[in-house]
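One structure is given here, and the rest of the page talks about it.
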Amino acid sequence: QEPFVADEYIERLAWRTPGGGSRGGEAFDPKRLLEEFVNHIQELQVMDERIQRKVEKLEQQCQKEAKEFAKKVQELQKSNQVAFQHFQELDEHISYVATKVCHLGDQLEGVNTPRQRAVEAQKLMKYFNEFLDGELKSDVFTNSEKIKEAADIIQKLHLIAQELPFDRFSEVKSKIASKYHDLECQLIQEFTSAQRRGEISRMREVAAVLLHFKGYSHCVDVYIKQCQEGAFLRNDVFEDAAILCQRVNKQVGEIFSNPETVLAKLIQNIFEVKLQSYVKDQLEEHRKSDAEQYLKNLYDLYTRTTNLSSKLMEFNLGTDKQTFLSKLIKAIFISYLENYIEVEIGYLKSRSAMILQRYYDSKNHQKRSIGTGGIQDLKERLRQRTNLPLGPSIDTHGETFLSQEVVVNLLQETKQAFERCHRLSDPSDLPKNAFRIFSMLVEFLCTEHIDYALETGLAGIPSSDSKNANLYFLDVVHQANTIFHLFDKQFNDHLMPLISSSPKLSECLQKKKDIIEQMEVKLDMGIDRTLNCMIGQMKHILAAEQKKTDFKPEDENNVLIQYTNACVKVCGYVRKQVEKIKNSMDGKNVDTVLMELGVRFHRLIYEHLQQYSYSCMGGMLAICDVAEYRKCAKDFKIALVLQLFDTLHALCNLLVVAPDNLKQVCSGEQLANLDKNILHSFVQLRVDYRSARLARHFS
């Protein structure tokens, strides 16, 4: 038996044999174990012979059965071939019979069709005779329940009657036409009643009968009219229309064989009657009296109409529903859209002018005329080249004449105009119309408001030699900077999408660039003159506060102050102006203006120090002043300005250094690169310069 392991089998045989289970012991009997092995081998040989005979017998039996099975399979194959031949013969016979039956059917149809036509013709002739005799006796005409059959008959008679000559059959043709009309009216009435009762199946039957009548379109009209009864009871005609079309769309396919045509006709009726009337009532009321409300209503109505059109796009309205709906919308609004941009520009112009005038009135300000022409242009060119004020200075009392509220109102009006332009303009006219709106914004925001404020601000800047001058132009700069950001944001957010793919883009960008450059020129000019005024104020402070005895005191041993009063006041003034500049500007403009102010401030102090003679203690006091100026210069946070004052501080050391050390100090790191004349000019300011010893040491 499997699994068979020979070693284990021998072990078990030895174990069962007496004297064979112990190896090397006294009980171990090898002869007996050998005898047992020999006997067992003989038994296995006998068993092997018996099994071999049995195997041979089974092999012979298997071969015999295989031959019998092969013979049986051959017989079955022959039977199958015979059956297949019989099947082919039967198939051919069935095909032959079917051909005969089809031929016979064609013959029967050829006989039956004329017969049916003849029967129908006979019936029609019978009904025609009744019309000819003037008396309708058939049940089909007198029984109201058979209106469907009557309609079929009268429709055929009506077609036949049209082929008959009028002179001989005028009377019967008139009777048939009358009956045709009566039945048509009855069917439409039946359809109407069924619609009111909500009987969809009856409506479908009647509509199918009326399909072959001329009044089928009238049936559709009746259906459309009754659908709208009670459908427009709320104030929102657009929502009512959407709900109505949604309801009819579900129903119309169950009634009519051409539902898309019926639904399209309903939508056309809604647009041409309900919506057009509603739009006209809403717009004509304000068209001539209130441009703002007219434009708002036009935008709102057009938007809601296009939104309704988008909802209707999901319905089956035929092949080109997009064009169909677009034509309906155009038919409603064409008279309003043709001159839309003219109304928009007119309103924007008047509205912007009103916003500006209302602001100036609130300030009790009569707007000055900037002036144009040759003289003004000449003044402008001279002012740009010389940076001198031309004409009298105007006291603006601290008013910048710039208002963020005004700017926001103007930008809001323009934003709404851009939105209306995007929605209401024809795609081909959109860039052109958007450019016109942008031009209005430039005219009123940039020219009439910002440019006017800059001109007024420039005129309000006092001359550089004015005492105690109030400088407000930096406030103008600050507000103008904020307004430019708002203007640029609207340009990018609302104008760019409308013109980005048209030639008007470059024109708008150029216009924007020109207006900004024009403003920047005036801002630069005003800032430059303001800086001149600041330096002028510092000069007045120094002239009024600085005394000659500050740097050449009478008692060298009794100097109690750390720095002069003039230095304190100048530094206080400078710090205020630096803070004001930082608050008025942003970005690199702050650094540029502070650098310019710092350079001028340094030049002023440098030239101021050159006006005095310095004793030893006076020189120490001058060094203290310059140290305070340098501390003030640190607030600028400009490396160049701080470097200039560091150098000036080093120059002031020449006022106090011992004569023997002059050359060493002059060759120091900060003074080595300076011109020798500059060094000499500072040494000359010492009261002891005339001494031969000092002159000899510096030569």
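The values are calculated or read from the model by the stated rules, or taken from the named source; none is laboratory data. Since this is a predicted model, take the numbers as computed values, not measurements. Note that each Cβ is placed from the backbone with ideal geometry, even for glycine, and that neighbours are counted across all protein chains shown. In case anyone asks, the SASA skips ligands and DNA or RNA and just uses the protein heavy atoms, side chains included. Shrake-Rupley method; radii C 1.70, N 1.55, O 1.52, S 1.80 Å.
Per-structure values
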| quantity | calculated |
| --- | --- |
| Number of the condition not met by Q611 [criteria: (1) assigned to a helix (DSSP H, G or I); (2) surrounded by fewer than 16 Cβ atoms within 10 Å (Cβ to Cβ); (3) not acidic (D, E)] | (1) |
| Those residues of the stretch 270-285 which are open to solvent by 70 Å² or more (accessible area, probe 1.4 Å), assigned to a helix (DSSP H, G or I) and under 18 Å from K296 (Cβ atoms), in sequence order | K280, D281, E284 |
| Filtered residue count, the stretch 247-269, keeping only those that are open to solvent by 10 Å² or more (accessible area, probe 1.4 Å) and without any contact (Cβ under 8 Å) to a residue 24 or more places away in the chain | 4 |
| Search result, residues across the stretch 464-512 that are of a type outside the set (D, E), part of a loop (DSSP other than H, G, I, E, B) and open to solvent by 50 Å² or more (accessible area, probe 1.4 Å) | S464, K467, N468, N470, Y472, S500, S501, P503 |
| I345 being touching a Cys at 6+ places or on another chain (Cβ under 9 Å) and over 28 Å from I243 (Cα atoms) | no |
| Residue within the stretch 564-579 that is open to solvent by less than 80 Å² (accessible area, probe 1.4 Å), part of a helix (DSSP H, G or I), closer than 27 Å to V657 by Cβ and among the β-branched types (V, I, T) present | yes |
| Cβ pairs under 7 Å, 6+ apart, first in the stretch 580-593 and within 13 Å of K637 (Cβ to Cβ), second of a type in the set (K, R) and in a helix (DSSP H, G or I) | V590/K582 |
| Lone unmet requirement of (1) touching a residue at least 12 places away in the same chain (Cβ under 8 Å); (2) in a helix (DSSP H, G or I) for N677 | (1) |
| Identity of the residue in the stretch 513-554, surrounded by 14 or more Cβ atoms within 10 Å (Cβ to Cβ) and outside any helix (DSSP H, G or I), that ends up modelled with the lowest pLDDT | P553 |
| Matching residues, the stretch 412-432, being of a type in the set (A, V, I, L, M) and open to solvent by less than 20 Å² (accessible area, probe 1.4 Å) | A417, L424 |
| The stretch 286-340: number of residues that are farther than 22 Å from E260 by Cα and assigned to a helix (DSSP H, G or I) | 21 |
| Matching option when the condition is under 29 Å from the mean Cα position of the chain (by Cα), of a type in the set (A, V, I, L, M) and open to solvent by less than 80 Å² (accessible area, probe 1.4 Å), among L317, L312 | L312 |
| Flag for L295 being among the hydrophobic types (A, V, I, L, M, F, W, C) and closer than 16 Å to R420 by Cα | yes |
| Subset of the stretch 206-221 that is surrounded by fewer than 17 Cβ atoms within 10 Å (Cβ to Cβ) and modelled with pLDDT under 85 - its residue that is farthest from L301 (Cα to Cα) | H212 |
| Residue list for the stretch 580-608, filter: of a type in the set (A, V, I, L, M, F, W, C) and assigned to a helix (DSSP H, G or I) | I581, V590, V593, L594, M595, L597, V599, F601, L604, I605 |
| Selected residue (criterion: nearest to the chain's Cα centre (by Cα)) from residues of the stretch 231-246 that are in a loop (DSSP other than H, G, I, E, B) and free of Cβ contacts under 8 Å to residues at least 12 places away in the same chain | D236 |
| Residues that are surrounded by 14 or more Cβ atoms within 10 Å (Cβ to Cβ) and not polar (S, T, N, Q), drawn from the stretch 226-238 | C227, A231, F232, V237, F238 |
| Contacts under 6 angstrom Cβ, first residue in the stretch 537-566 being of a type outside the set (S, T, N, Q), partner open to solvent by 80 Å² or more (accessible area, probe 1.4 Å) and at pLDDT below 90, 6 or more apart | H540/K467 |
| The listed residue being among the aliphatic types (A, V, I, L, M), open to solvent by 50 Å² or more (accessible area, probe 1.4 Å) and modelled with pLDDT of 90 or more, out of V442, V408 | V408 |
| Yes/no for D635 being surrounded by fewer than 18 Cβ atoms within 10 Å (Cβ to Cβ), modelled with pLDDT under 95 and either out of contact with any helix residue (DSSP H, G or I) (no Cβ under 6 Å at 6 or more places or on another chain) or not assigned by the TED database to the domain that holds L654 (or both) | no |
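Rundown of residues vs (1) small (G, A, S); (2) within 60 Å of the chain's Cα centre (by Cα); (3) over 30 Å from V590 (Cα atoms), yes/no style:
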{"residue": "M617", "(1), (2), (3)": "no, no, yes"}
{"residue": "C624", "(1), (2), (3)": "no, no, no"}
{"residue": "E628", "(1), (2), (3)": "no, yes, no"}
{"residue": "F636", "(1), (2), (3)": "no, yes, no"}
{"residue": "S667", "(1), (2), (3)": "yes, no, yes"}
{"residue": "K676", "(1), (2), (3)": "no, no, yes"}
{"residue": "L685", "(1), (2), (3)": "no, no, yes"}
